[in-house]
Amino acid sequence: MKFIGFSIEEIIAKKSIEIPRASINTDIIFTNIDKAKLDVLKDSECLKASFKFSVIYKDPTQKEVELKNEIKFEGSLLIAVSKDESKDFLKSWKTKELPKDKIVFLYNYILKKCSVRALQLEEELGLQPHIPFPQINQSTIENTK
């Protein structure tokens, strides 16, 4: 399996409320898997996997939160697979699942592509990063010398 294309069709980024210590949930949902036609591939088939990547910020002190901060991406990726892999993907997708041995690769690829853009949007909106970064202070720097 090889990744041969990636595109984002929609980006939503909004900050509705100030949340001092937000509960952050990141999610990836696959919405569709289809065959795609790509003339360049000779011995492989091409599949288009559509997805939604979201980062939702909620105030943990509020039980029913109508307002929330969020960053969402909708997009797709193209993957080159063998004919057997293609059959496995399409068979699994009939029950809205993906082959268990491939799902980690797909999630990691989407995380790699979308997380960088999400971090940039979080910075611009003044939201806390969805990826925790260690706090570095002067004593940390001095201990590494």
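The values are calculated or read from the model by the stated rules, or taken from the named source; none is laboratory data. Since the model is a prediction, treat every value here as computed from it, not as a measurement. Virtual Cβ from ideal backbone geometry, glycine too; neighbours counted across all protein chains shown.
Brief remarks follow.
- Looking across Asp27, Asp59, Asp34, one residue alone is closer than 24 Å to Ile103 by Cα and more than 18 Å from the chain's Cα centre (by Cα). It is Asp34.
Yes or no, residue by residue, for (1) in contact (Cβ under 8 Å) with a residue 60 or more places away in the chain; (2) touching a Ser or Thr at 6+ places or on another chain (Cβ under 9 Å); (3) surrounded by fewer than 17 Cβ atoms within 10 Å (Cβ to Cβ):
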| position | (1), (2), (3) |
| --- | --- |
| Ala49 | no, yes, no |
| Ser54 | no, yes, no |
| Lys58 | no, yes, no |
| Thr61 | no, no, yes |
| Phe73 | yes, yes, no |
| Ser76 | yes, yes, no |
| Val81 | yes, yes, no |
| Ser86 | no, yes, no |
| Phe89 | no, no, no |
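- Tally, over region 71-109, of residues that are under 30 Å from Ala22 (Cα atoms) and in a helix (DSSP H, G or I): 7
- Any hit, region 101-109, residues being in contact with a Leu (Cβ under 8 Å, 6 or more places away or on another chain), more than 15 Å from Asp27 (Cβ to Cβ) and modelled with pLDDT under 90: no
- The listed residue being farther than 15 Å from His130 by Cβ, of a type outside the set (Lys, Arg) and surrounded by 12 or more Cβ atoms within 10 Å (Cβ to Cβ), out of Leu38, Leu111: Leu38
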